[in-house]
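Undergrad: Got a structure for you, written out below as structure tokens; questions coming shortly.
The values are calculated or read from the model by the stated rules, or taken from the named source; none is laboratory data. Because the structure is a prediction, the values reported are computed rather than measured. Heads up, the Cβs are rebuilt from the backbone with ideal geometry, glycines too, and the neighbour counts pull from every protein chain shown.
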Amino acid sequence: MFFAKIKEKKLETCVETEIKCHLKANDIEGCIHVQDIFSDKDSISLVLPYYIHGDLSKFIREHTRRKSIPQKESIVRPIFIKIAQALQRLHQKGGIVHRDLKLENILVNFIRLPDGSEVIDPVISDFGFAISREELLNDITTQRCMGTVNYFPFEMVTKVNRFYPDLGRFVQAPSYDERCDIWTLGIMLQMMITRISAFDPDNDQVKPDIEDRIRKLNAYISPEMSAEAQDLVKNILTTPEKRLTLQQIISHPWCRGASFISSSLEILPIN
């Protein structure tokens with residue numbers, strides 16, 4: 001079963017970037033694959049698979065409602081790891097920065113195993129804000145605040161002095177790379193376990209207040225979660241230089257299901 005995502009041609013530059021990113025992601029496991037593309041004088045239609053189980057927000061809400069926190073963490077762990085692995089492939093193989101990862105943009109698929117059991121297979125979707133890493137780093141005009149406010153990373157809302165050649169002067173603007181996507185994993189992890197947003201824990205903040213909390217790195221790390229989960233979220237929701245890499249996340253004690261011993265992890269330098 002498929003559905004068509006229709007884009008207006010008057011948004012040609014944005015549509016062209018989205019299609020390029022979709023096509024690069026077509027060979028990447030864990031990302032939605034475009035089946036076909038149709039065009040007429042007014043619009044471009046992308047034919048995409050239809051996932052009957054909906055998105056991850058719906059799945060978590062329906063399947064963890066009456067579970068204890070340890071039970072929720074057990075359900076969430078394999079899903080989270082698969083998302084991190086898919087994102088790692090998207091960055092390394094596709095060279096794509098998504099810029100709008102959130103529970104609603106992760107679709108739910110199921111794979112039937114030889115023993116007849118089924119496991120969830122999350123799929124990264126919606127490349128409307130995606131961009132190639134090369135373009136993002138070489139054209140500073142692309143470094144805008146993108147995505148959903150509760151998921152905005154620190155470096156998107158923290159402006160630095162940057163020189164714009166077209167203007168011939170320095171301006172205050174964001175500066176970020178693919179590590180912005182890693183930040184959103186920390187937001188998603190806590191929301192999957194507790195339904196609490198790290199920078200809007202009471203779900204009553206307006207956009208400027210949320211951005212201010214993000215700039216101050218004033219995250220609410222839910223004490224309901226295990227010590228391992230708290231540590232993982234804390235070490236993701238930090239500055240890009242201190243933020244865990246995707247490989248460090250996948251190797252973290254919480255992802256391995258190991259008992260937590262150290263109070264902190266060594267943060268390796270970003271290559």
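Undergrad: Within region 30-81, count every residue that is surrounded by 14 or more Cβ atoms within 10 Å (Cβ to Cβ) and acidic (Asp, Glu).
TA: 2
Residue-by-condition table, conditions (1) basic (Lys, Arg); (2) over 27 Å from Ala84 (Cα atoms); (3) out of contact with any Phe, Trp or Tyr (no Cβ under 7 Å at 6 or more places or on another chain); (4) modelled with pLDDT of 85 or more:
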{"site": "Pro165", "(1), (2), (3), (4)": "no, yes, yes, no"}
{"site": "Leu185", "(1), (2), (3), (4)": "no, no, yes, yes"}
{"site": "Ser197", "(1), (2), (3), (4)": "no, no, yes, yes"}
{"site": "Pro201", "(1), (2), (3), (4)": "no, no, no, yes"}
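Undergrad: Another question about this same structure. Output the residues belonging to region 62-93 that are among the hydrophobic types (A, V, I, L, M, F, W, C) and either touching a residue at least 24 places away in the same chain (Cβ under 8 Å) or under 14 Å from Asp181 (Cβ atoms) (or both).
TA: Narrowing region 62-93 to residues among the hydrophobic types (A, V, I, L, M, F, W, C): 69, 75-76, 79-81, 83-84, 86-87, 90.
Residues satisfying the conditions are Ile69, Val76, Ile79, Phe80, Ile81, Ile83, Ala84, Ala86, Leu87, Leu90.
Undergrad: Search region 82-94 for residues being of a type outside the set (A, V, I, L, M, F, W, C) and touching an Asp or Glu at 6+ places or on another chain (Cβ under 9 Å), and hand back the single one that is surrounded by the fewest Cβ atoms within 10 Å (Cβ to Cβ). Quick ask: steps written out before the conclusion?
TA: Going through region 82-94, the residues of a type outside the set (A, V, I, L, M, F, W, C) turn out to be 82, 85, 88-89, 91-94.
Then drop every residue that is not touching an Asp or Glu at 6+ places or on another chain (Cβ under 9 Å), which leaves 82, 85, 89, 91, 93-94.
On the way: Lys82: 19, Gln85: 17, Arg89: 18, His91: 20, Lys93: 14, Gly94: 20.
By that ranking, first place goes to Lys93.
Undergrad: Of all residues in region 129-148 being more than 16 Å from the chain's Cα centre (by Cα) and among the hydroxyl-bearing types (Ser, Thr, Tyr), which is surrounded by the fewest Cβ atoms within 10 Å (Cβ to Cβ)?
TA: So in region 129-148, the residues more than 16 Å from the chain's Cα centre (by Cα) come out as 134-144.
Now narrow it down to the ones that are among the hydroxyl-bearing types (Ser, Thr, Tyr): 141-142.
Working: Thr141: 10, Thr142: 15.
My answer is Thr141.
Undergrad: Hey, can you tell me all the residues within region 99-120 that are over 15 Å from Ile187 (Cα atoms) and either basic (Lys, Arg) or in contact (Cβ under 8 Å) with a residue 40 or more places away in the chain (or both)? Lay out the reasoning, then the answer.
TA: Kept after step one, since they are over 15 Å from Ile187 (Cα atoms), are these residues of region 99-120: 107-120.
Once the filter is applied, which keeps residues that are over 15 Å from Ile187 (Cα atoms) and either basic (Lys, Arg) or in contact (Cβ under 8 Å) with a residue 40 or more places away in the chain (or both), region 99-120 yields Leu107, Val108, Asn109, Phe110, Arg112, Val119, Ile120.
Undergrad: Are any of the residues in region 148-162 of a type in the set (A, V, I, L, M) and part of a loop (DSSP other than H, G, I, E, B)?
TA: So in region 148-162, the residues of a type in the set (A, V, I, L, M) come out as 149, 156-157, 160.
Subsequent filtering for residues that are part of a loop (DSSP other than H, G, I, E, B) retains none.
No, region 148-162 contains no residue that is of a type in the set (A, V, I, L, M) and part of a loop (DSSP other than H, G, I, E, B).
Undergrad: Determine whether Ile193 is farther than 24 Å from Ile60 by Cα, among the β-branched types (Val, Ile, Thr) and surrounded by 18 or more Cβ atoms within 10 Å (Cβ to Cβ). Spell out how you get there, then give the answer.
TA: Working: farther than 24 Å from Ile60 by Cα: no; among the β-branched types (Val, Ile, Thr): yes; surrounded by 18 or more Cβ atoms within 10 Å (Cβ to Cβ): yes.
For Ile193, the condition - farther than 24 Å from Ile60 by Cα, among the β-branched types (Val, Ile, Thr) and surrounded by 18 or more Cβ atoms within 10 Å (Cβ to Cβ) - is not met.
Undergrad: Select from region 135-147 the residues that are among the aliphatic types (A, V, I, L, M) and assigned to a helix (DSSP H, G or I) and write down the one among them that is nearest to Ile75 (Cα to Cα).
TA: Filtering region 135-147 down to residues among the aliphatic types (A, V, I, L, M) leaves 136-137, 140, 146.
Then keep just the ones that are assigned to a helix (DSSP H, G or I); that gives 136-137, 140.
Numbers: Leu136: 35, Leu137: 37, Ile140: 40 Å.
Filtering region 135-147 for residues that are among the aliphatic types (A, V, I, L, M) and assigned to a helix (DSSP H, G or I), the one nearest to Ile75 (Cα to Cα) comes out as Leu136.
Undergrad: Which residues, counting only those in region 14-38, are part of a helix (DSSP H, G or I), in contact (Cβ under 8 Å) with a residue 24 or more places away in the chain and farther than 12 Å from Val123 by Cα? Spell out how you get there, then give the answer.
TA: Here is the first cut: in region 14-38, the ones part of a helix (DSSP H, G or I) are 14-25.
Going one step further and asking which of them are in contact (Cβ under 8 Å) with a residue 24 or more places away in the chain, we end up with 14-15, 17-22, 24-25.
Within region 14-38, Cys14, Val15, Thr17, Glu18, Ile19, Lys20, Cys21, His22, Lys24 qualify.
Undergrad: Could I ask something else about it? Go through (1) over 22 Å from Ile214 (Cα atoms); (2) at pLDDT below 80 one by one and return the number of the condition Val171 breaks.
TA: Status for Val171: all satisfied but (1).
Undergrad: Would you be able to say whether some residue in region 98-121 is over 24 Å from Ile52 (Cβ atoms), surrounded by fewer than 22 Cβ atoms within 10 Å (Cβ to Cβ), modelled with pLDDT of 95 or more and out of contact with any Gly (no Cβ under 8 Å at 6 or more places or on another chain)?
TA: Looking only at region 98-121, we keep the residues that are over 24 Å from Ile52 (Cβ atoms), and these are 99.
Next, only the ones that are surrounded by fewer than 22 Cβ atoms within 10 Å (Cβ to Cβ) stay: none.
The answer is no; no qualifying residue exists.
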